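The values are calculated or read from the model by the stated rules, or taken from the named source; none is laboratory data. Since the model is a prediction, treat every value here as computed from it, not as a measurement. Positions of Cβ are generated from backbone atoms using ideal geometry, with glycine treated the same way; all protein chains shown enter the neighbour counts. Just so you know, the surface numbers come from the protein's heavy atoms only, side chains and all, with ligands and any DNA or RNA stripped out. Shrake-Rupley method; radii C 1.70, N 1.55, O 1.52, S 1.80 Å.
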Amino acid sequence: MTINRARRRVGLSAAATLSLLAGALVIGVPAAQADTVPNGRALLAGTKPAWTAAATDQGATAATAQITARVYLAGRDAAGLSAYAASVSDPQSDAYGKYLTPQQAQDRFGATPAQIAAVTSWLKSSGLTVTGTDQHYISVSGDAAAVRTAFATSLHDYRKDGRTYRAPEHAASAPAALAGAVLTVTGLDNSPHHATPQDTLPGPGAGFRNAGPYSTYYGSNVAKTLPDAYGTKIPYAIHGYTGKQLRAAYGAERYTGKGVTVAITDAYASPTMAKDAAEYAKHNGDRAYSKGQYTEVLPAAFNSVDSCGASGWYGEESLDVEAVHALAPEANIVFVGAASCNDPDLLDALNKVVDKHLADIVSNSWGDIEANETPDSAAAYDQTFKLGAIEGIGFYFSSGDNGDEVDNTGKKQVDTPVNSAWVTAVGGTSLAVGKGDKYQFETGWGTQKAVLAADGKSWTNFPGAFSGGAGGGTSSTVPQPFYQHGIVPDSLAKANGPAPMRTVPDIAAVADPNTGFLVGQTQSWPNGTVSYDEYRIGGTSLAAPVIAGVQALAQQASRFPIGFANPSIYARYGSPVLHDVTDHPLGAGRDLAEARVDFVNSVDASGGLRTSVRSLGKDSSLQAVRGYDDVTGVGTPAPGYVASFRNRFHR
């Protein structure tokens, strides 16, 4: 049984649509609820979900209902962890780069045996069964009556959006004597989900191919027979950029990522990944993988295969692995597969990276909307990110593919865990790489789509409806971190009220599937065959591994782990080593578009073709403008960005 909301793949847009120290970082959890707690108890902040206020209370959950939860441990010095994670990541701090080993991190900030024993004793004495213990949490199971005894709150059933969920009636609490030992508890506020622990992974997912015509570089093939858009003929969409083109666009120079390891976390594991990666490198001029360069760390078993759509994650894995290798061909890649798309399993995968220091750079292309985030799970994620920071590990997350999320959810919001102040949020662009691999321009990624009229003489309802764009905006829950002070304009930071809040993204790279990346993957075809093929793909789940690859190059140049990169990235704001991306790179009023032809059935011409025009730089209510913006952050890497990490950076 899983105990938290499922994460979805973020940014997988196939071409088919598809303080303790002054200035220290602040924890991304809202202030403690106004709930009172019994005498002798300590509030576990963030454990009463906000969504219950708008839901209908159906009464107490049955006392015999079975619950599974995780009690996360605060460790020796939670406040000190936050402070050290900030200082060790800040180039202006004397502690910058003084990273700890995993054992040193555990010895200094991890839970003590005495804390673990005390928390375990409390949980057992409350009637809960301890089902597992590690250095991060104690997992428990039991009935709702035991949960009430342990956490001094009843569980109630609430009706919301046509479904019934359970959640604490009041915020959970722990005995006051354990206030410094318990970080939070997760799993009290989710609908139950039963999963078979020995699920078998499915085979390759349904195939997809691109139709032509297309361009091999931006503008190489102009659609002369199609109607104008914005007063001019437009080029066909890119067939799919390769590593050579992206390395040139983002200033890779001679760097290859040698000596650097990049981890990729996704749910599940493609059974053909190693073979596909080798095939792709051979087809597209990338360096062949050396022995042991690509490795996998997988769980003993997978779960929630059907509910998570396991095979749908294979394309994500292919994109992540192949994009990192294309940008950083000598970097080692370790794929760390989660047992499912649910928070506990994804956290377990991230903790493997931290506990064993499997890599210095971690690329993640998954998430959910902020409205679905619970403060308890946010606290658990942040603890992992901070432990990574003190070890010199940086986490990079896709910002999302639905712009401001209004079309998707009806509410303007950002995604999570990319909203964390402790990760690097990667936004997206539309990228024009011209002849000779020359960088031409970028716009913010935001697409409006209109189809060709039946008579072929015009575009229906041009420029059409919004069909996808880089996620971004202002968090409603996470206060503004120090590295954004004075850079993010108040019009964004204070978009939700008088207090400045975390704004997303931090940096960006190519994401538009119309100017996307060529990826190779074994797929299943309608005729029953299974074979390798290549197709164009995009989304901010392309942008994240591209930036991870660029950061691997930068770390090679630095000859020292970059770690949590945001302070270093923002230090470069406004300098020539970053492209300042806008939606009108060719001048005010000069809008851009591309033409695209797709197979109606996604695989061949037997079902017909569909021609459309895709406008660039039209991201919902978000805009890429001069300076920091909520589509591309501080911009994209320019020539000189990678080399700028060779020495302490000065503008």
Two-site label geometry, Ser524 and Ala301: point separation in nm, points 7 Å out along Cα→Cβ: 2.3 nm
Sorted by average packing, counted as other Cβ atoms within 10 angstrom per residue and highest first, what order do 625-635, 149-159 take? 625-635, 149-159
Long-range HN-HN contacts of His156 with modeled amide H, under 5 Å: Thr61, Ala167, Glu169
Residue-by-residue Karplus 3J(HN,Hα) for the range 241-247, coefficients 6.51, -1.76, 1.60, Hz, glycine and proline x: 4, 10, x, 4, 5, 6, 4
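In terms of solvent-accessible area of protein heavy atoms at a 1.4 angstrom probe, what is the ranking of Thr429, Thr164, highest value first?
Numbers: Thr429 0, Thr164 65 Å².
Heavy-atom accessible area, descending, gives Thr164, Thr429.
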Using per-residue counts of other Cβ atoms within 10 Å, averaged over each peptide, order 604-614, 319-329 from highest down. 319-329, 604-614
Arg648 to Arg590: extension gain in nm, 0.36 nm per residue of separation minus the Cα-Cα distance? 17.0 nm
For a distance above 14 Å, tell me the whole-number percent of Cα pairs in the range 414-454 that qualify. 68 percent
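Calculate the translational D of the range 548-614 in whole µm² s⁻¹ from Stokes-Einstein, where the hydrodynamic radius comes from the Kirkwood formula applied to all Cα pairs, the temperature is 25 °C and the viscosity 0.890 mPa s. Spell out each step's value before the answer.
On the way: Rh = 16.5 Å.
Calculated translational D: 148 µm²/s.
Using the scaling law 2.2 N^0.38 Å as the reference, what is the normalised Cα Rg of the range 404-524? Numbers along the way, then the final one.
Working: Rg = 18.0 Å, N = 121, 2.2 N^0.38 = 13.6 Å.
Normalised by 2.2 N^0.38 Å, the Cα Rg of the range 404-524 equals 1.32.
Can you tell me the convex hull volume per residue for the chain, based on C-alpha atoms, in Å³ to the nearest whole number? Can you show the working numbers first?
Numbers: hull volume 98.2 nm³, N = 651.
Dividing the Cα hull volume of the chain by its residues yields 151 Å³.
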If amide H atoms are modeled at 1.01 Å from N in the peptide plane, then the residues at a separation of 5 or more from Asp404, or on another chain, having amide H under 5 Å from its own are Ser621, Leu622
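Calculate, for Lys435 and Asp77, the FRET efficiency according to 1/(1 + (r/R0)^6) with r their C-beta to C-beta distance and R0 45 Å; round to the nearest 0.05. Mind showing how you got there, number by number?
Working: r = 57 Å, r/R0 = 1.26.
Efficiency, from the Cβ-Cβ distance: 0.20.
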Just want the answer: with Cβ charges of +1 for Lys and Arg and -1 for Asp and Glu, which residue in Tyr396, Tyr641, Pro271 is farthest toward the dipole's positive end in the chain? Tyr641
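Averaging over all projection directions, find the projected area of the Cα convex hull of the range 350-474 and quote it in nm² with one decimal place.
On the way: hull surface 45.1 nm².
Taking a quarter of the hull surface, the average projection is 11.3 nm².
For the range 340-497, with only Lys/Arg (+1) and Asp/Glu (-1) charged at the beta-carbon, what is the dipole magnitude about the Cα centre, in debye rounded to 20?
Details: 10 positive and 20 negative charges, 126 e Å.
Magnitude of the dipole: close to 600 debye.
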If the cut-off is 29 Å between C-alpha atoms, which lysines fall inside it for Lys618, apart from same-chain ones fewer than 8 positions away? Lys224, Lys233, Lys244, Lys411, Lys412, Lys435, Lys438, Lys449, Lys457, Lys494
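Average projected area of the Cα convex hull of the range 295-417, in nm²? Numbers along the way, then the final one.
Values: hull surface 33.6 nm².
Average projection, Cα convex hull of the range 295-417: 8.4 nm².
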In sequence order, calculated HN-Hα J values of the range 530-537 (Karplus, 6.51, -1.76, 1.60; Hz; x Gly/Pro): 10, 7, 7, 8, 10, 8, 7, 8
Each residue of the range 163-170 in order: what ³J(HN,Hα) in whole Hz does its phi give by Karplus 6.51 cos²θ - 1.76 cosθ + 1.60, θ = phi - 60°, with x for Gly and Pro? 10, 10, 10, 9, 7, x, 5, 10
For Thr429, what residues show an amide H to amide H distance below 5 Å, using hydrogens built from the backbone and excluding near sequence neighbours? Trp445, Ala509, Val510, Ala511, Asp512
In whole angstrom, note down how far apart the Cα centers of the range 302-337 and the range 373-391 are. 22 Å
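Given N residues in the range 278-340, what is Rg(Cα) / (2.2 N^0.38 Å)?
On the way: Rg = 13.4 Å, N = 63, 2.2 N^0.38 = 10.6 Å.
Ratio of Rg to 2.2 N^0.38 Å for the range 278-340: 1.26.
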Helix-only [θ]222 nm of the chain, DSSP H runs n ≥ 4, -39500 (n - 2.57) each, per residue, nearest 500: -6500 deg cm²/dmol
Among Ala55, Thr133, Gly110, flag the residue with its Cα farthest along the positive direction of the charge dipole of the range 44-171, charges on Cβ as +1 for Lys/Arg and -1 for Asp/Glu. Ala55
Given the convex hull over the Cα atoms of the range 137-272, what projected area results after averaging over all orientations, in nm²? 18.4 nm²
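Taking only protein heavy atoms into account and a 1.4 Å probe, give the accessible area per residue of the chain in Å².
Each residue of the chain exposes 36 Å² on average to a 1.4 Å probe.
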